[in-house]
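Quick note: the coordinates plus some simple rules give every number you see, no bench work behind them. Just so it is clear, the structure is predicted and the values come from calculations on it, not from any experiment. We place every Cβ from the backbone using ideal geometry, glycine too, and count neighbours over all the protein chains shown.
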Amino acid sequence: MSAMTMGGALNAGLRAALTADPKVLVMGEDIGALGGVYRITDGLQREFGPRRVMDTPLAESGILGTAVGLAYRGYRPVCEIQFDGFIYPAFDQIVSQVARMHSRTNGAVKMPITIRVPVGGGIGSAEHHSDSPEAYFAHTPGLRVVSVSNPQDAYDLLQDAIACDDPVLFFEPKRRYHMKAEVDTARSRPAAMGTARVLREGTDATLVTFGGLVQVALAAADAAADEGVSLEVIDLRSLSPIDWVALATSVRRTGRVVIAHEAPESVGLGAELAAGITERCFYFLEHAPVRVTGFDIPFPPSKLERHHLPDLDRMLDGVDAALGRPSSLAEED
Amino acid sequence: MSAMTMGGALNAGLRAALTADPKVLVMGEDIGALGGVYRITDGLQREFGPRRVMDTPLAESGILGTAVGLAYRGYRPVCEIQFDGFIYPAFDQIVSQVARMHSRTNGAVKMPITIRVPVGGGIGSAEHHSDSPEAYFAHTPGLRVVSVSNPQDAYDLLQDAIACDDPVLFFEPKRRYHMKAEVDTARSRPAAMGTARVLREGTDATLVTFGGLVQVALAAADAAADEGVSLEVIDLRSLSPIDWVALATSVRRTGRVVIAHEAPESVGLGAELAAGITERCFYFLEHAPVRVTGFDIPFPPSKLERHHLPDLDRMLDGVDAALGRPSSLAEED
Amino acid sequence: MSNTVAAPRASGTPDSDPALRGAVRILTPSGERTDEPEYGCQVADVDDEALLALHDDMVVVRRIDTEATNLQRQGELALWPPLLGQEAAQIGSARALRSDDFAFTSYRENGVAYCRGVTPAQLMPVWRGVTASGWDPYSVGMATPQVIIAAQTLHATGYALGLQYDGSDAAAIAYFGDGATSEGDASEALVFAATYKAPVVFFCQNNHWAISEPVTLQSGSSLAGRAAGFGVPSVAVDGNDVLAVMAVTRAALARARAGGGPSFIEAVTYRMGPHTTADDPTRYREPAELEAWRRMDPIDRVEKHLVSRGVLTDERRAETQAHADQVAKAMRDACIGMPDPDPMSLFEHVYAEPHSDIDRQRTRFAAYLDSFEDAR
Amino acid sequence: MSNTVAAPRASGTPDSDPALRGAVRILTPSGERTDEPEYGCQVADVDDEALLALHDDMVVVRRIDTEATNLQRQGELALWPPLLGQEAAQIGSARALRSDDFAFTSYRENGVAYCRGVTPAQLMPVWRGVTASGWDPYSVGMATPQVIIAAQTLHATGYALGLQYDGSDAAAIAYFGDGATSEGDASEALVFAATYKAPVVFFCQNNHWAISEPVTLQSGSSLAGRAAGFGVPSVAVDGNDVLAVMAVTRAALARARAGGGPSFIEAVTYRMGPHTTADDPTRYREPAELEAWRRMDPIDRVEKHLVSRGVLTDERRAETQAHADQVAKAMRDACIGMPDPDPMSLFEHVYAEPHSDIDRQRTRFAAYLDSFEDAR
Ligand SMILES: Cc1ncc(C[n+]2csc(CCOP(=O)(O)OP(=O)(O)O)c2C)c(N)n1
Ligand SMILES: Cc1ncc(C[n+]2csc(CCOP(=O)(O)OP(=O)(O)O)c2C)c(N)n1
Ligand SMILES: [Mg+2]
Ligand SMILES: [Mg+2]
């Protein structure tokens, strides 16, 4: 055990993966000498050399398309996309190539590509630096999608993702890069990929979220507790596949669920969670699943982001709705 | 009134738009001399010249990026993307530029761009020629999304989309290009954009779909009627925004809803419809909304597509589930 | 707003074609073998026998093309992209490859596939619509056909980088068309390949058309010149001259093996058939243009040469024809007999490792299919 | 697997810089005005007074840059991308534009914005995070800053096409960096511009770095050469020579106005500051490199020249300094006084026409905010 920030845990996870498997390569913009704009790859090029830790030309489609060729050749590329908003130029290579190559070739060609993306808001960034694009990828067959919320999961899941023979979108909430916690680097724990985690048990309602909002949800649960409301908090962790068993088990007990994410509401991951939970828990539900999300707007200028991003108050407003209390989210008519 | 195929109605709609407004331009790959691979632009270049009906180089990002510049200059580009699977190279320009320019410039710069896309399966096409990418765009703030199912709507909604000052993704189900019907070209009817349409009234359950599956849904309703089940069939038409009033009105009456689309289920449009309907109709629902969709797989080889695409039987299987009868979609445990 | 044509339509006949001017040529259209100063040496070893073998290849792939087109007309194939007219470009380049080299192609390189050892039977299933790929890429050193224009240029570059890292002297080759050069991916591939000195050959078949669009719409100047601007050595070659194509491809491969990095080859040829069996070229191109290019037929000139050498005897012709017919028959038999895939295969290979959402859908669909069984 | 460096790190000093060799130069680093045979005539009209005005521009934008950097350090701005070292490239090109020309730039062209008439106050809000754009593009003939690398090259091309269709003789100009040339969009823009002969000028500021990546990682050869390969006439210019930059830009604009189509300009300059105020260049570049480029300072050489001409008197210097200070003060005042935006503005301008989902969310959010009011 040693205390690490989430950024440090990711760096350690990458180092461990590079050490464990010579086929692992790290590639992206500014990840070499600079160590990435968030320093997640700090020191790795010096340690493993410029071939295993490659600065690439400034072209995201080129990064992913080249990674496809490297995977074709048996390598396991870990691509860093500098910011969420810069993944779209690579969308075609990800959706039409990375996601489909294994099925296209009837299993002959594997695509063990990990795509690391710093995501989300909360850090006062410029335009295109605060997107939460998870829904695009969770809707795309052939991809796995992971979102980490703390140093331990960051360390474990990054290595699981790199070791996985399928392509994995690995989302890192920027606002948690500096979050510090004890990390067990023993790798003794069973692989966590594909599973959600109950962070706090409760009886009145289930609060489901992931990534940067997990800490907010835990704070909301504390605040709710002060008002005598017992919230169960679940960190989804895996956005594709979704751990329906964990969700259904909780919601069947609490009968109420609030889903929170930063991305816009319409056709967001919350829609799938609400629909899937309703399908599995219809007769247990006391109220329709409630969504507390970013609005259906382009991510706003940083001075406005605190109004756009779900915070403790908006989560509690959602809990009120789920409990049938007065709320701005009271049922439509 | 005159009988037209949907392809013919689209061609007539484009001709009408080009005639009505000199700022309207049509651009895309092979749309000139060839008239497009589906002949939707047949004869337009001869009639309006190669500047207003432009063959473009083979680059989708280039097409959309250039359209943004033309819109900046006051033009109203109508871009044809040759097939659904080829829109991804333009994803960045659509999501980061087309969708955000109006909000980025605080309303100073409008993006009246219409993006026509032949979509969906059912015609035995090669790989990447049968996708249904609507969810990606319906999740993207700043875009409007329309899906047409018949010649009259194709004619009306295409002109509405071109006349709209916002960017519109305009999805045309390939399998209906040859569908024939009487089309009123008078343009007397009120604009239909943003509204759903009840195609058949029913009392036992509501069947919601759009595009190529609308005809399948109507056939399913006929078959259900034979078995004494009365289905209300709604053609969504607008995927962003969604006509919640029309949906809620119907489902509050029937208490049961089946949602069908060709795209994969996870985080698809059906998830939003199920979640949104549950939020609005929770106390009226007799059963959880049921989704009948393509599977979470890359679109399969054409010999398999009939098993992947929702057909009459799978829709009825979904209706059985909604009615609480034995069905392969019976609730999870 | 004036209506002057935004870009010239006609794609140009061989005589007026700027791309052909200065292109490397060894075998003239009249069948004369010239000694080309720079590249001639690369094919000095290609004697009459070797040339007869190349001729056999070209005749066979043209026969495959004809047979497949017929199969499509008869409803046995959903679609077919003919290579008619591009036999020399594909055979000349593919026969320059080593078995450990790796080819990333578009949908039209059935001639390349044939040379890589893909059996005619394996060519069928994709175009019949029974599977997304007819062969295991690793067993033949060739990826399955790429439909997304230019995407494979980056895959070849990445694969080549892997070869470099592995210390192998093998090379990757990317096949793509004139239209593909407009896609951003094609340019990004040149950037990455130049930066990393990747052992990759960019083989562009300029067949003058991208469906209905003439190459003049894709580029204001020569495609070979395009690559030079990225620091990638490039050359234009008469794509209907199998010897010249082989020569420049061997030279490019030699550079790659020696650590000299990427090369770009513009093979100037012509798509004599439709874009695919679904296309109707009469809507957009002049018959005269096609006629002019017929005189450049890649097989004709080889035959003229071999006849003048007295080695392409009637017996030999008959043998080649018999070979072609036998290949065509094997292909037809394999195609017609092909069973439809099992519905449950829908869920196979979506992921390499278990995925709970897929598992649930598989189970439900199996139950759904059973419900019909029960009904019986 | 060997660990040889995949690409050279250092970006090169001016003396050793291949890009600079053969680049058009009129004003030497020592301040001597030479008569450049090909482009000199373009700036024959630029006399001492005009040059003094350009000098004033450069001093002012450098002052704006310093002030903004201070404002960021003081927490008044969230971020700032300095243009230190690129004053001549931005002023020389922007002052060549006509008011009806239109500029599409990246985030770093604050000098261009100043010349287009964007007030210093309007430069602040975007970097303070109160709005996505500080000005109305149509009021100044300049788009708001583009963050997505190279995306604006296509916008400029499309806008230029619109100008052509309108029969206007105005032109569009796209500003982008050396790193941007690697993005597919930059190449697609060259393809579209060449095909349609669009009246657009591609103005690439090769400041040698893309954050921490040297230009050598983006291109194996000269960036100017890149464009030529697309059939777009191009020229490399000493980007720290305001006269030479103005001359080549005027020539390119003249070509565009005359229907000659697109041009590409590689302005060879240097990013003397960090990528942005959030960057730390000491992690990736040699102090020596920066030192060498300091000797090429774009303002120094103009001052040397004007002093040698005896026109840059102490009075004149004082005036310029006063002007710069006054601009900086106006900027600071505007920045510090700036109120935060109204929360309800979140929903404005997402669509130009009513959208029911937005309307619902607006209503709910208003109710949500009110619930706090009520609470009080
Ligand atoms: C990204 C993308 N856009 C459009 C298409 C549709 N399409 C298929 S082939 C083709 C023309 C390709 O021309 P070229 O690159 O010259 O190759 P050729 O067909 O001539 O061999 C087009 C536009 C596609 N397959 N992929
Ligand atoms: C599509 C995209 N990818 C990555 C980034 C992150 N990024 C911002 S600036 C920059 C470097 C740009 O370098 P260059 O084009 O030379 O312009 P300069 O900053 O030197 O002016 C990068 C990689 C981005 N903004 N957009
Ligand atoms: Mg072609
Ligand atoms: Mg730069």
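Sorting check: for A:247-258, B:48-59, which peptide has the highest mean count of neighbouring beta carbons within 10 Å, and how do the rest follow?
Values: A:247-258: 21.4, B:48-59: 23.8.
Per-residue Cβ counts within 10 Å, averaged per peptide and sorted highest first, yield B:48-59, A:247-258.
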Would you grab the residues whose amide H sits under 5 Å from the one on B:GLU172? Only those 5+ places off in sequence or on another chain, please, with H modelled 1.01 Å from N. B:VAL117, B:VAL119
Calculate one ³J(HN,Hα) per residue across segment A:278-292 by plugging θ = phi - 60° into the Karplus curve 6.51 cos²θ - 1.76 cosθ + 1.60, and present them in order as whole Hz with x for glycine and proline. 4, 4, 8, 10, 3, 7, 9, 6, 8, 7, 4, x, 10, 10, 10
Any idea how far the Cα center of segment A:264-316 sits from the one of segment D:217-296, in Å? 47
Please label the shape of segment D:60-128 as rounded, prolate or oblate, based on the square roots a ≥ b ≥ c of the eigenvalues of the alpha-carbon gyration tensor (a/c under 1.5 means rounded; beyond that, a/b larger than b/c means prolate, else oblate). prolate
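Given Cβ point charges of +1 (Lys, Arg) and -1 (Asp, Glu) and nothing else, what value in debye, to the nearest 20, does the dipole of segment A:197-328 about its Cα centre take?
Values: 12 positive and 19 negative charges, 48 e Å.
Result for segment A:197-328 is approximately 240 debye, rounded to the nearest 20.
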For segment A:80-88, take each phi angle, set θ = phi - 60°, evaluate the Karplus expression 6.51 cos²θ - 1.76 cosθ + 1.60, and give the result in whole Hz per residue in order, putting x for glycine and proline. 9, 9, 4, 8, 2, x, 10, 7, 5
Can you compute 3J(HN,Hα) from phi for each residue in segment D:37-47, using the Karplus curve 6.51 cos²θ - 1.76 cosθ + 1.60 with θ = phi - 60°, rounded to whole Hz and x for Gly and Pro? x, 7, 10, x, 4, 4, 10, 4, 6, 7, 8
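Quick check on segment A:2-183: of the DSSP beta bridges with both residues there, what percent are antiparallel, nearest 5%? Spell out each step's value before the answer.
Working: 4 of 25 bridges.
Counting DSSP beta bridges with both partners in segment A:2-183, the antiparallel share is about 15 percent.
Mind checking the mean number of beta-carbon atoms from other chains within 10 Å of the Cβ atoms in C:282-288? Walk me through the intermediate numbers first.
On the way: counts 0, 6, 6, 1, 0, 0, 0.
That works out to 2 on average.
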Show me the ranking of peptides A:225-232, B:284-291 by mean Cβ neighbours inside 10 Å, starting with the highest. B:284-291, A:225-232
Nearest-0.05 FRET efficiency for B:MET1 and A:ASP165, computed from C-beta distance (R0 60 Å): 0.55
Take the Cα atoms of segment A:199-279, find their three principal axes, and give me the spread along each one in whole Å, biggest first. 33, 25, 19
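If packing is taken as the average count of other Cβ atoms within 10 Å, what order do C:90-102, D:111-123 fall into, highest mean first? Walk me through the numbers on the way to the answer.
Numbers: C:90-102: 23.4, D:111-123: 21.6.
Descending mean neighbour count gives C:90-102, D:111-123.
Could you tell me whether segment B:198-333 comes out rounded, prolate or oblate from its Cα gyration tensor? Rule is a ≥ b ≥ c as square roots of the eigenvalues, rounded for a/c under 1.5, then prolate if a/b exceeds b/c, otherwise oblate.
On the way: a/c = 1.40, a/b = 1.24, b/c = 1.12.
Rounded.
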How shielded is B:25-31 by partner chains, expressed as the average number of their Cβ atoms within 10 Å of its Cβ atoms? 4
Please rank B:LEU207, A:LEU64, fewest neighbouring Cβ atoms within 10 Å first, as an exposure proxy. A:LEU64, B:LEU207
State the Cα centre-to-centre distance between segment C:125-179 and segment D:18-68 in whole Å. 50
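Kirkwood Rh over alpha-carbon pairs of segment C:14-341, then Stokes-Einstein at 37 °C and 0.692 mPa s: what D in µm² s⁻¹, rounded to an integer?
166
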Roughly speaking, what is the centre-to-centre gap between segment B:138-172 and segment B:194-263 when only Cα atoms are used, to the nearest Å? 20
Among D:PRO262, B:GLY43, C:GLY179, which residue has its Cα furthest toward the positive end of the charge dipole of the protein assembly as shown, with +1 on Lys/Arg Cβ and -1 on Asp/Glu Cβ? D:PRO262
Return the subset of C:LYS304/C:LYS329; A:LYS174/C:LYS197; A:LYS303/D:LYS197; B:LYS180/D:LYS197; A:LYS174/B:LYS174 for which the Cα-Cα distance in this structure is over 31 Å, preserving the input order. A:LYS174/C:LYS197; A:LYS303/D:LYS197; B:LYS180/D:LYS197; A:LYS174/B:LYS174
Collect residues whose amide H, placed 1.01 Å from N in the peptide plane, falls under 5 Å from the amide H of B:ARG291; neighbours closer than 5 in sequence don't count. B:ILE259
Give the value in nm², to one decimal: projected area of the alpha carbon convex hull of segment A:147-261, averaged over all directions. 7.4
Segment A:1-71: translational diffusion in µm²/s, Stokes-Einstein, Kirkwood Rh over Cα pairs, 25 °C, 0.890 mPa s: 196
q = 0.09, 0.11 Å⁻¹: log10 I(q)/I(0) that the Debye formula gives for chain B, counting C-alpha atoms only: -0.46, -0.68
Local charge sum around C:ARG283 (other residues, Cβ-Cβ under 11 Å, Lys/Arg +1, Asp/Glu -1)? -2
Expressed as a whole number, the average count of other chain Cβ atoms within 10 Å around the Cβ atoms of D:367-374 is 3
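Would you please calculate the Kirkwood hydrodynamic radius of segment C:253-357 over all C-alpha pairs and express it in Å, rounded to one decimal?
On the way: mean 1/r = 0.0497 Å⁻¹.
For segment C:253-357, the Kirkwood estimate is 20.1 Å.
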Which cross-chain or sequence-distant (5 or more) residues have an amide H under 5 Å from the amide H of A:MET4, H modelled 1.01 Å from N in plane? A:ALA181, A:GLU182, A:VAL183
P(r) for the protein assembly as shown: what percent of alpha-carbon pairs falls in each 10 Å bin, starting at zero? 2, 9, 17, 22, 22, 16, 9, 3, 1, 0, 0
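Which of rounded, prolate or oblate describes segment C:125-173 when judged by the alpha-carbon gyration tensor and an a/c cut-off of 1.5? Write out the running numbers ahead of the final one.
Details: a/c = 4.03, a/b = 1.86, b/c = 2.17.
The shape class here is oblate.
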